[in-house]
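The values are calculated or read from the model by the stated rules, or taken from the named source; none is laboratory data. Source: prediction; values computed, not measured. FYI the Cβ positions are ideal-geometry reconstructions off the backbone, even for glycines, and counts take in every protein chain you see.
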Amino acid sequence: MSAILEVKDLWKSYYIGKIQVPALRGVSFDVKKGEFLAIFGPSGSGKSTLLHLMGGLDRPDQGEILIDGANLQKLHDNELAELRLRKIGFVFQFFNLLPKLTALRNVELPLTVAGLSEKETLEKAREMLKLMGLEARVDHKPSELSGGEQQRVAMARALINDPKIVLADEPTGNLDTKTGWELVELMRKLNREKGQTFVMITHDPHIADTADRVIHLRDGLIEGIQEASRRNVQ
């Protein structure tokens with residue numbers, strides 16, 4: 001199976017004053033189409049930095065990232081924004097929903113930016129929220145939704161443009177244990193039934209263990225890559 005994402009010799013450092021702090025040190029791996037990959041490691045291991053680079057939200061000091069054959073390092077800012085809109089879905093720990101908009105309007109946003117008609121945008125957004133089990137909550141604003149419901153809205157928004165890959169940064173980190181497991185099972189269901197590719201960042205070994213493969217990251221280096229043993233998610 002061909003790779004949808006290729007990470008090649010990725011380096012990234014930040015500066016605290018004049019002190020250079022390495023975040024990633026020569027990270028390389030591929031993600032296959034339809035794969036569910038977890039990137040696991042403790043706080044400060046470089047996980048979120050890696051996700052931001054893969055999503056084109058930041059640029060590496062050295063190395064290459066290819067998504068569906070497109071080299072992110074060779075794209076201008078407007079081309080990168082277009083690629084993010086068309087090919088990448090983002091799910092963040094703190095949902096990042098617009099508080100004044102309803103669930104429906106939040107999900108519609110990427111389609112509106114993509115230039116779809118109002119009718120098509122409305123139909124697709126309602127269909128996606130129904131898939132998430134939120135058909136009765138479409139007119140509710142984020143403050144009127146539970147944490148799990150907000151994260152499902154965020155998931156619907158991430159998937160609405162049918163992206164090639166979904167990048168999830170600690171998607172269960174702001175949820176209680178039961179709701180977190182329910183979200184993981186939803187992502188696995190979408191992965192199985194729709195063939196959607198997921199890359200999930202997590203510091204929870206039990207959550208990581210639901211993936212097809214797990215990349216262990218520590219101090220900006222890959223410690224190992226292993227097949228995850230499957231467990232039932234209740």
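Summary of values
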quantity: The lone exception for L50 - which of (1) surrounded by 23 or more Cβ atoms within 10 Å (Cβ to Cβ); (2) more than 19 Å from the chain's Cα centre (by Cα); (3) not basic (K, R) it fails; calculated: (2)
quantity: Residue count for the stretch 108-127, restricted to those that are closer than 22 Å to K189 by Cβ and modelled with pLDDT under 90; calculated: 1
quantity: Of all residues making up the stretch 127-140, the number that are more than 20 Å from K178 (Cβ to Cβ) and either crowded, with 16+ Cβ neighbours inside 10 Å or in contact with a strand residue (DSSP E or B) (Cβ under 7 Å, 6 or more places away or on another chain) (or both); calculated: 5
quantity: Single residue of G34, G89 found to be within 30 Å of D176 (Cα to Cα), assigned to a strand (DSSP E or B) and of a type outside the set (F, W, Y); calculated: G89
quantity: Close pairs from the stretch 55-80: first in contact (Cβ under 8 Å) with a residue 40 or more places away in the chain, partner of a type in the set (D, E, K, R) and assigned to a loop (DSSP other than H, G, I, E, B), Cβ under 6 Å, at least 6 apart; calculated: D68/K164
quantity: Criterion (out of contact with any helix residue (DSSP H, G or I) (no Cβ under 6 Å at 6 or more places or on another chain), touching a residue at least 60 places away in the same chain (Cβ under 8 Å) and polar (S, T, N, Q)) met by exactly one of S117, S48; calculated: S48
quantity: Test for I222: is it under 30 Å from A23 (Cβ atoms), surrounded by 15 or more Cβ atoms within 10 Å (Cβ to Cβ) and in contact with a His (Cβ under 8 Å, 6 or more places away or on another chain); calculated: yes
quantity: Exclusive hit being farther than 26 Å from T49 by Cβ, among the small types (G, A, S) and within 20 Å of the chain's Cα centre (by Cα), set G89, G148; calculated: G148
quantity: Hits in the stretch 1-31 (condition: closer than 25 Å to D212 by Cα, in contact (Cβ under 8 Å) with a residue 40 or more places away in the chain and of a type outside the set (A, V, I, L, M, F, W, C)); calculated: E6, K8, D9, R25, G26, S28
quantity: Options D58, D77, D9: the member that is of a type in the set (D, E), more than 25 Å from M187 (Cβ to Cβ) and modelled with pLDDT under 95; calculated: D77
